[in-house]
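Everything on this sheet refers to the single structure shown next.
The values are calculated or read from the model by the stated rules, or taken from the named source; none is laboratory data. The model shown is predicted, which means the values in this text are computed figures rather than measured ones. All Cβ positions, even for glycine, are placed from backbone atoms using ideal geometry, and neighbour counts span all protein chains on display. What goes into the accessible areas is simple: the full protein's heavy atoms, side chains included, and nothing from ligands, DNA or RNA. Shrake-Rupley method; radii C 1.70, N 1.55, O 1.52, S 1.80 Å.
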Amino acid sequence: MKPGMAISTFKTASGQFFGLLFGAIAVKLLAIVAGPAGVGLYSVLRQLQQMLSSVASIGGQNAVVQGMSIYTGITRQRFFLSTLYVFLAMGLLVCGAVLAGADLIAGLALAGDHASAVRWLVIPVILGTLLFFLRGVLTADGQYGSVALINLATGLGAAVVALPAGLAYMRGYPDLLVLLVGGGLVPALLIAFIHVRRLGYLGSLAELAPSGVTWDASTRFLHVALPSLLSLMLTLGCVLVVRAKVVHLYGLEGAGQFDAAWSISAMYLALFLASLQSYLLPTLSKTSTDAALHCALSKAFHFALMLSLPLIVGLVVFKPLVMSLLFSKAFMPALDVLRWVLLGDFVRVLGWVMSTTLLARADMKGFALGEGLWSLVFVAVALLLLPHGIEWVGVAYLLGYVAYLIFLGWRLWRVHGAGLERHRIGQWLAALALIVLASRLCWHEQQMLAWPMLMIIPSVMFSWYIMQADERKFAVHLASQSLGRLKRFTGRR
């Protein structure tokens, strides 16, 4: 493992961690004040905002990262400006569609209620679209510290507005939950703007003249972005379809239970998957030979496995405690969903590394087909089984990622001639067995502390065992540094 991968991932993960921490505080405050119904409404509004911002940005920031990582000089400047204009034009178009179709959207996603809240979403939608663009520019330039600060600010802003938004909901003003959806975007966008200007962009209005926009740069961006948009629409749209089905079957309280399990999965995976991608996507985009691609894929999978195994086992055995800390005891029924989701997450980790590899190689057909397959399996199984109980959505999640992993592994081998060594696959299967055993031992456990928590020990030992010598040395160095800082901090106090 290269030191750059560990250091850059650690930097981004630090900001991601504190961003998620503040975001968790925001949801915790909302859960205490507004209960499952308030969390359910917030989850649907947030999902709508994410999907609409993704549409406005033609698939998010990945296409920006991929394009700006491979261009230099005037070509890069033209790509920057052309992409910015595409984002702005699409943002205005999407916001107009939301204002015109708010009643229809509310009818589909919220059983006909809260159309006014949907209209107010245009503000966080345009903010999110601009943030996607600016964060993509910073990621492509390797500004991992700036990306970390943006992630932190997003969570901190949400935490600041969570309590007033929750109180407003309880006093009969549910539309103000939109404040929570967009609260973290304002400080993050300001920070992103300042740091992008330091790179030499957005220095003056003259630099933003439409004359700098070229059709060639725009089409290069759209070549990568449109398949990413299709895959995101399938993923986010299908999750929204399932959320809407939950609302129709089990009300906003059921949607709140579903979101509790879903959010825990999203939060901890974002902690290192998004952070690792900040390094991996630009690096893989620059690989020019099959040997280099194969080596980078193997290292990325190895690094992701080391981190994900103890993290997922820890959540499996501590899930009642985590649910109580992040939400409240009123959300304990969500454990029925979470136990299946955690199994699916481990399958997702390997699939994520493969999909990032396809994205970096501009294999947008394979990338989109993989996302589409997951979406199709997830929605079909969820809609079929949800009437029998909300926990079946977790089964649909797991089966979707099993199909996703099989397809991506085949695509990499068939089209790119890349794959994992047998010992890497053996390590993954052994780690999967540990997770299945831990899950089985505490399948129906709802006590906050119980003996299966000891399963965290063999998972940590396994991760230590598969580390290389330099990785162990780096881990010991990082731990000793952290302990030293903690001692100095406590000594001052």
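Length gain on complete extension for the stretch L385 to L441, per 0.36 nm per residue less the alpha carbon to alpha carbon distance? Please list the in-between numbers first.
Numbers: separation 56, 0.36 × 56 = 20.16 nm, distance 2.52 nm.
Taking L385 through L441 to full extension adds about 17.6 nm, to one decimal.
First check a/c for region 341-435, with a ≥ b ≥ c the square roots of the eigenvalues of its C-alpha gyration tensor; if it is under 1.5, answer rounded, and if not, answer prolate when a/b is larger than b/c or oblate otherwise.
It comes out oblate by the Cα gyration axes.
Under a crude label model (7 Å from the Cα following the beta-carbon direction), how far is T214 from I70 in nanometres?
So the label points at T214 and I70 sit 1.5 nm apart.
Label region 183-231 by shape, choosing from rounded, prolate and oblate, from the square roots a ≥ b ≥ c of the eigenvalues of the Cα gyration tensor; if a/c is under 1.5 it is rounded, and otherwise prolate applies when a/b is larger than b/c, oblate when it is not.
Details: a/c = 2.90, a/b = 1.21, b/c = 2.40.
In terms of gyration-tensor shape, oblate.
Ignoring ligands, DNA and RNA, what accessible area per residue does region 310-386 give at 1.4 Å, in Å²? Before the final figure, lay out the partial values.
On the way: 2140 Å² over 77 residues.
Accessible surface, normalised per residue, equals 28 Å².
For region 3-213, with every protein chain kept in place, what is the accessible area per residue (1.4 Å probe, Å²)?
Numbers: 8190 Å² over 211 residues.
It amounts to 39 Å² per residue over region 3-213.
At what distance in angstrom do the alpha carbon centres of region 397-426 and region 333-351 lie from each other?
Going from one Cα centre to the other spans 18 Å.
Report, in whole Å, the centroid distance computed from the Cα atoms of region 218-260 and region 28-73.
10 Å
Under 5 Å between amide hydrogens, which residues at least 5 positions from A418 or on another chain qualify, with H placed 1.01 Å from N in the peptide plane?
So A418 has HN proximity to W413.
Please compute the modelled spin-label separation between A430 and S328, points set 7 Å along Cα→Cβ, answer in nm with one decimal.
4.5 nm
For a test of the definition: using alpha carbon positions, the gyration tensor, and the 1.5 limit on a/c, classify region 3-213 as rounded, prolate or oblate.
Numbers: a/c = 2.50, a/b = 1.45, b/c = 1.72.
Oblate.
For a label point 7 angstrom out from the Cα of Y85 toward its Cβ, which stretches of region 179-218 have the backbone nitrogen within less than 11 Å?
Counting only backbone N, you get 208-218.
What list of ³J(HN,Hα) values in whole Hz, one per residue of region 365-380 in order, does the Karplus curve 6.51 cos²θ - 1.76 cosθ + 1.60 (θ = phi - 60°) give from phi, with Gly and Pro shown as x?
Those phi angles translate into 5, x, 4, 5, 5, x, 5, x, 5, 4, 4, 5, 5, 4, 5, 4 Hz.
Find how much the distance from A266 to L21 grows on full extension, using 0.36 nm per residue of separation minus their present alpha carbon separation; answer in nm with one decimal. Write out the running numbers ahead of the final one.
On the way: separation 245, 0.36 × 245 = 88.20 nm, distance 1.26 nm.
So the extension gain works out to 86.9 nm.
Calculate one ³J(HN,Hα) per residue across region 412-422 by plugging θ = phi - 60° into the Karplus curve 6.51 cos²θ - 1.76 cosθ + 1.60, and present them in order as whole Hz with x for glycine and proline.
Values, residue by residue: 4, 6, 6, 9, 10, x, 10, x, 9, 5, 4 Hz.
Enumerate the amide H contacts of T214 below 5 Å, restricted to partners 5 or more residues apart or on another chain; note that Pro and chain-start residues carry no placed amide H.
Residues meeting the amide H criterion: S82.
Using θ = phi - 60° and the Karplus relation 6.51 cos²θ - 1.76 cosθ + 1.60, list the HN-Hα couplings for region 149-162 in order, rounded to whole Hz, with x at every Gly or Pro.
5, 5, 4, 5, 5, 4, x, 5, x, 5, 5, 5, 9, 4
Using a 1.4 angstrom probe on heavy atoms only, work out the carbon and sulfur share of the accessible area of region 3-213 in %.
On the way: 5810 of 8190 Å².
Carbon-and-sulfur percentage of accessible area, whole number: 71.
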